[in-house]
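The values are calculated or read from the model by the stated rules, or taken from the named source; none is laboratory data. These figures come from a predicted structure and were not determined experimentally. Neighbour counts run over all protein chains shown; Cβ positions are idealised from the backbone, glycine included. Surface areas here come from the heavy atoms of the whole protein model, side chains and all, with no ligands, DNA or RNA. Shrake-Rupley method; radii C 1.70, N 1.55, O 1.52, S 1.80 Å.
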Amino acid sequence: MNDTSAKKVLLSGVQPTGRPHIGNYFGAMRQYVELQETYESYIFIADYHALTTIQDKDTLADLIFNLAVDYLALGLDPNKVTLYRQSAVPQVTEAAWIFNCLVTVPYLERAHAFKDKVVNNQIPSMGLFDYPVLMAADILLPRADVVPVGADQKQHIEYARDIALKFNTTFGETLSLPEPLILTDVATVPGIDGRKMSKSYGNDIYLFASEEELKQRVMSIVTSSVGVGESLDPETDNVFALHKLFATPDEITELEDRYRTGSIGYKEAKDLLWKQMNNFLAPLRDRRAEIATDKDFVTDVLAAGGKKAYARYEETIAILREKIGL
Ligand code: TYM
């Protein structure tokens, strides 16, 4: 299906499973804001996906509202972007069922998220097992051309492409293949322990952290035991890795030099980092506090976005139904 509109379509989303962290921001959310002029954008709150982990009504409602506030605070303009909850477009669950009948169990068993659970001896739910298929529906129903994400979602976009191809070969050319938009420098933002920053590893730094929280988290960044005055390795240092997100190119060069010559210790590097982060994040935090007080505005944005998205998803699901003979 080709769109006649001039702008290409962008789609992405975040799960409402906790406060977003700076990995979510640099890997994905900042792109949503930067690209909102260039693309016809659909940005959603993945609340069906969140059910794989959040199973408490009030907690979920709270997380959904807060993620909507986060999106708006980052600068997503509801006049330019369609902002909505995944559950406002239940067509995705219907499409996921249709796609489920086209993919095999061994194929889904290769998904990283599923394999991680099995390795950790957890028993995955059917929802977790089927996560990539629902995600394919998220992407294919609004007929997305591009999907900005961090590197950890690359495999999921490949699943969406495979599923579109499978549908097309089975029922005739219908769905177009989406492309991932992954920024190399920030494809995997490290957490305070050097592993990928993740809500579930407890190594994250919240994007909307208070000044005190920022300071506390930065001070807990894991470092080597090199003494003051000795040369530090910027290539392997977790503090330096995070500096790169917030400092200007000149500041990075200067810091790198100080690392190598041993003229900076971890204490000073951490102090510099949390202050720089705070300068960057404080305006976002203030805007967020303002938006959070206007509950009606936030609810209205989601309702209007949900209506608009519903119409677009409905067009595609109607075509799928017709193609499969239902
Ligand atoms: P989620 O909620 O885990 O993460 C949201 C986005 O943040 C990116 N990200 C990172 N990027 C760089 N470094 C990191 N350390 C880091 N941690 C997270 C993720 O890659 C993601 O882009 N499955 C998705 C939600 C989803 C979705 C979709 C996304 C559901 N349907 C359709 C795009 C299209 C997820 O769990 O994201």
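Here is how the numbers come out for the structure above:
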| read-out | value |
| --- | --- |
| Pairs where the first residue, in the range 273-301, is touching a residue at least 60 places away in the same chain (Cβ under 8 Å) and the second is not in a helix (DSSP H, G or I), C-beta under 6 Å, 6+ apart | Arg285/Phe208; Arg288/Phe208; Val301/Pro78; Val301/Leu83 |
| Any chance Ser87 is out of contact with any strand residue (DSSP E or B) (no Cβ under 7 Å at 6 or more places or on another chain) and hydroxyl-bearing (Ser, Thr, Tyr) | yes |
| Residue satisfying condition, being over 30 Å from Asp77 (Cβ atoms), acidic (Asp, Glu) and open to solvent by less than 70 Å² (accessible area, probe 1.4 Å), within set Glu213, Glu268, Glu256, Glu235 | Glu256 |
| Residue in the range 1-15 that is closer than 25 Å to Arg161 by Cα, of a type in the set (Asp, Glu) and touching a residue at least 12 places away in the same chain (Cβ under 8 Å) present | yes |
| Residue in the range 108-129 that is in a loop (DSSP other than H, G, I, E, B), acidic (Asp, Glu), more than 11 Å from the ligand (Cβ to nearest atom) and at pLDDT 90 or above present | no |
| Residue in the range 2-9 that is within 14 Å of the ligand (Cβ to nearest atom), modelled with pLDDT of 95 or more and closer than 22 Å to Lys154 by Cα present | yes |
| Neighbours by Cβ (under 6 Å, 6+ apart or cross-chain): first from the range 22-42, under 16 Å from Asp185 (Cβ atoms) and in contact (Cβ under 8 Å) with a residue 12 or more places away in the chain; second part of a helix (DSSP H, G or I) and within 12 Å of the ligand (Cβ to nearest atom) | Phe26/Val186; Phe26/Leu245; Gly27/Val186 |
| Qualifying residues in the range 175-210 (those that are open to solvent by 70 Å² or more (accessible area, probe 1.4 Å) and polar (S, T, N, Q)) - the one farthest from the ligand (Cβ to nearest atom) | Thr184 |
| Filter pass, Gln55 being open to solvent by less than 10 Å² (accessible area, probe 1.4 Å) and polar (S, T, N, Q) | no |
| Matching residues, the range 19-66, being within 9 Å of the ligand (Cβ to nearest atom) and part of a loop (DSSP other than H, G, I, E, B) | Pro20, Ala46 |
| When residues of the range 132-148 are limited to those that are under 27 Å from Asp185 (Cα atoms) and open to solvent by 10 Å² or more (accessible area, probe 1.4 Å), the one nearest to the ligand (Cβ to nearest atom) | Met135 |
| Condition check for Asp286: assigned to a helix (DSSP H, G or I) and open to solvent by 20 Å² or more (accessible area, probe 1.4 Å) | yes |
| Filter result for Ile157 (within 12 Å of the ligand (Cβ to nearest atom), modelled with pLDDT of 95 or more and open to solvent by less than 40 Å² (accessible area, probe 1.4 Å)) | yes |
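Rundown of residues vs (1) on the phi > 0 side of the Ramachandran plot; (2) more than 25 Å from the chain's Cα centre (by Cα); (3) open to solvent by 70 Å² or more (accessible area, probe 1.4 Å), yes/no style:
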| position | (1), (2), (3) |
| --- | --- |
| Phe246 | no, no, no |
| Thr261 | no, yes, yes |
| Asn279 | no, no, yes |
| Arg312 | no, no, no |
